[in-house]
Amino acid sequence: MKRALITGITGQDGSYLAEFLLAKKYKVFGLERRSSQSKRENIAHLAGKIEFISGDLLDEASLIRAINQSEPDEVYNLAAQSFVAASWKQPVYTSEVTGLGAVRLLEAIRQTDPKIKFYQASSSEMFGKVQETPQTEKTPFYPRSPYGVAKLYAHWITVNYRESYNMFAASGILFNHESPRRGLEFVTRKITNAAVKIKLGMEKELLLGNLDSKRDWGFSGDYVEAMWLMLQQKEARDYVISTGETHTVREFVEAAFGELGLDWKKYVKMNKEFMRPAEVDLLKGDSSKAAKELKWKPKVNFHQLVKMMVENDLKQLSNSK
Ligand code: NAP
Ligand code: F7E
């Protein structure tokens, strides 16, 4: 039985990856940071199937202990301060967790058992002010937020450990991916949740920032398969994972409200509070390397994703009402 340790187990991707690995008969361990209230909502349905290990990317000793305790074949580093907007408010903290967290984990692996395979959750935010479109593994990076800069450090330190110590360390450069388990502050879930609340008469309006920015949105459930595939290859490499389609935030709003038969223009207002000091205007990935080498392709398209998220929020909020 293969063994995997997932950091960020309570997050969106952690929950889908845990499901995926359990279906492949892995023994799954999840690194969980201490908190005054349990955050296991995303993995409640997996209760009893995951072994939790208390630890934090800020605490090297806890990571060494987690590796010793889980004895994993594969480590997936999904933990991060992952909200771009918050990274301007807490830039040092974001660098510590999202950036240096990766090297703490790589060191824990190197010192314990350097044969363990390592996956780093890199991000399309590293392309930032994009230097070419679509973005590939060869596109130069130009991060536009403390989060993007921190991810870039984590990305290069992963490459560096691969080249310095011959470790199996791979990075997935994942474009935005969403799901019904997406955190409520990210724009897609903020939109589907608010649209449903408006439909149910629980809210009157939705305040948003930049409606013009374009994102390549896929489904988290599809993307975790690519993470696993990267660790099953002969050699560790880096891969862009994306749909190749790009849509504006406005198009997402229109589609989500449209699913509910609502005219979004009556409810959506712009608010400066949600604008960013520096914006990533356009992301559009080219994942042909992953298609060729990993035989990976996304299954859920933009409209199916919007529908899935709206339907889930409608079910949840109707029940709670
Ligand atoms: P998420 O839902 O925000 O989950 C982040 C996870 O990290 C949570 O489980 C959180 O635990 C944990 N965490 C935060 N700080 C930690 C710390 N100091 N020590 C240990 N754990 C900590 O993120 P996601 O959307 O699943 O994304 C997974 C990873 O992929 C992240 O690294 C993200 O930056 C990256 N990424 C995401 C996307 C995307 O579009 N979703 C795209 C590219 C890359 P708590 O529950 O305790 O807060
Ligand atoms: O913003 C605009 C905002 O916060 C998307 C993370 O998973 O993907 C995610 O980062 C766009 C931006 O995601 C609001 O300005 C407008 O242009 O949903 P988001 P993100 O910043 O793209 C990458 C790949 C990651 O790696 C990250 O971890 O939407 N936008 N109005 C808004 N965004 C938010 N959150 N809220 C608004 O009201």
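For an R0 of 35 angstrom, estimate the FRET efficiency from the Cβ-Cβ distance between LEU184 and LYS234 and round to the nearest 0.05. Can you show the working numbers first?
Numbers: r = 41 Å, r/R0 = 1.16.
The computed FRET efficiency comes out at 0.30.
Please give, to one decimal in nm, the separation of the simple spin-label points placed at LEU262 and GLN37, each 7 Å out from Cα toward the Cβ.
Simple spin-label model gives 2.4 nm for this pair.
Taking only the alpha-carbon positions of the chain and ignoring solvent, what does the Debye formula give for the base-10 log of I(q)/I(0) at q = 0.06, 0.12, 0.13 Å⁻¹?
-0.20, -0.81, -0.96
Counting only protein chains, not ligands or nucleic acids, how are PHE274, PHE127 ordered by accessible area (probe 1.4 Å), most first?
Numbers: PHE274 80, PHE127 0 Å².
Largest accessible area first, the list is PHE274, PHE127.
Could you list which residues have their amide H under 5 Å from that of ARG3, counting only those 5 or more apart in sequence or on another chain, with H placed in the peptide plane?
Excluding prolines and chain starts, which carry no amide H, the hits are LYS27, ASP73, GLU74.
For region 153-223, state which trypsin sites (Lys or Arg not before Pro) are in a DSSP loop and have at most 11 other beta carbons lying within 10 Å of their beta carbon. Let's see the in-between values first.
Numbers: sites: ARG162, ARG181, ARG182, ARG189, LYS190, LYS197, LYS199, LYS204, LYS214, ARG215; in loops: ARG181, ARG182, LYS204.
For trypsin sites (Lys or Arg not before Pro) across region 153-223 that sit outside H, G, I, E and B with at most 11 neighbouring Cβ atoms in 10 Å, the list reads LYS204.
Give me the 1.4 Å probe accessible area per residue for region 167-321, excluding ligands and nucleic acids, in Å².
Numbers: 7140 Å² over 155 residues.
It amounts to 46 Å² per residue over region 167-321.
So if I average 1/r over every pair of distinct C-alpha atoms in region 270-313 and take the inverse, what Kirkwood radius in Å does that give? Kindly include the intermediate steps, with their values, before the conclusion.
Values: mean 1/r = 0.0712 Å⁻¹.
That comes to 14.0 Å for region 270-313.
How far is the Cα center of region 96-110 from the Cα center of region 215-282, in Å?
Spelled out, the Cα-based centre of one part sits 27 Å from the other.
Determine the shape class of region 183-299: with a ≥ b ≥ c the square roots of the Cα gyration tensor eigenvalues, call it rounded for a/c under 1.5, and otherwise prolate if a/b is greater than b/c, oblate otherwise. Write down the numbers at each step before the final one.
On the way: a/c = 2.82, a/b = 2.13, b/c = 1.32.
It comes out prolate by the Cα gyration axes.
Could you rank TRP156, TRP228, TRP88 by how accessible they are, 1.4 Å probe, largest area first?
Values: TRP156 135, TRP228 45, TRP88 70 Å².
Of TRP156, TRP228, TRP88, the descending order of accessible area is TRP156, TRP88, TRP228.
Protein chains only, probe 1.4 Å: how do ARG144, ARG34 rank by accessible area, largest first? Mind dumping the intermediate values first?
Values: ARG144 70, ARG34 185 Å².
If we order ARG144, ARG34 from most to least accessible, we get ARG34, ARG144.
Report, for region 109-261, the % of DSSP beta bridges that are antiparallel, rounded to 5.
Values: 2 of 14 bridges.
Expressed as a percentage, antiparallel bridges in region 109-261 total about 15.
Across the Cα atoms of region 174-247, what radius of gyration and what greatest pairwise Cα-Cα distance (Dmax) are found, in Å?
My reading of the Cα-based Rg and Dmax gives 16.1, 54 Å.
Taking the Cα-to-Cβ direction at GLU251 and at LYS129 and moving 7 Å from each Cα, how far apart do the two end points lie in nm?
2.5
In a Debye calculation with equal point scatterers on the alpha-carbon sites of region 23-127 and no solvent, what is log10 I(q)/I(0) at q = 0.12, 0.21 Å⁻¹?
For the requested q values the scattering log ratios are -0.45, -1.26.
Figure the gain on full extension for GLU107 and GLU205 (residue separation times 0.36 nm, minus the Cα-Cα span) and round it to one decimal in nm. Walk me through the intermediate numbers first.
Details: separation 98, 0.36 × 98 = 35.28 nm, distance 4.78 nm.
Net length gain for the segment: 30.5 nm.
Along its principal axes, what span do the Cα atoms of region 1-85 show, with the longest given first and each in whole Å?
37, 28, 24
When you take every Cα atom in region 161-209, what is the radius of gyration, and what is Dmax, the widest Cα pair distance, in Å?
18.8, 58
Give me Rg/Rg_expected for region 108-214, where Rg uses Cα atoms only and Rg_expected = 2.2 N^0.38 Å with N residues.
Values: Rg = 18.6 Å, N = 107, 2.2 N^0.38 = 13.0 Å.
That ratio works out to 1.43.
Evaluate the Debye formula for region 70-167 with equal point scatterers sitting on the alpha carbons, no solvent, and hand back log10 of I(q)/I(0) at q = 0.14, 0.20, 0.23 Å⁻¹, in q order, two decimals.
-0.54, -0.97, -1.14
Evaluate E = 1/(1 + (r/R0)^6) for HIS45 and ASN68, where r is the Cβ-Cβ distance and R0 equals 30 Å; express this FRET efficiency to the nearest 0.05.
Computed FRET efficiency for HIS45 and ASN68 comes out at 0.55.
Can you pick out the pairs among LYS234/LYS299; LYS199/LYS321; LYS89/LYS117; LYS115/LYS292; LYS27/LYS117; LYS234/LYS289 whose Cα atoms lie more than 22 Å from each other? Let's see the in-between values first.
Working: LYS234/LYS299 25 Å; LYS199/LYS321 12 Å; LYS89/LYS117 34 Å; LYS115/LYS292 26 Å; LYS27/LYS117 15 Å; LYS234/LYS289 15 Å.
LYS234/LYS299; LYS89/LYS117; LYS115/LYS292, as the Cα separations exceed 22 Å there.
Working out 0.36 nm times the residue gap between PHE274 and GLU137, then minus their Cα-Cα distance, what length gain in nm do you get to one decimal?
Result: 46.3 nm gained on full extension.
Could you pull out the chymotrypsin sites (Phe, Trp or Tyr not before Pro) across region 168-204 that fall in loop regions by DSSP (anything but H, G, I, E, B) with no more than 16 other Cβ atoms inside 10 Å? Can you show the working numbers first?
Working: sites: PHE168, PHE175, PHE186; in loops: PHE168, PHE175, PHE186.
Taking region 168-204 and a limit of 16 other Cβ atoms within 10 Å, the loop chymotrypsin sites (Phe, Trp or Tyr not before Pro) found are PHE186.
Output the antiparallel fraction of DSSP beta bridges having both residues in the chain, as a percent to the nearest 5. The partial results should precede the final answer.
Working: 2 of 37 bridges.
Restricted to the chain, the bridges split so that about 5 percent are antiparallel.
The values are calculated or read from the model by the stated rules, or taken from the named source; none is laboratory data. This structure is a prediction, so every number in the text was calculated from the model and none was measured. Methodologically, a virtual Cβ is constructed for each residue, glycine included, from the backbone with ideal geometry; neighbour enumeration extends over all protein chains shown. Surface accessibility is based on the protein's heavy atoms, side chains included, excluding ligands, DNA and RNA. Shrake-Rupley method; radii C 1.70, N 1.55, O 1.52, S 1.80 Å.
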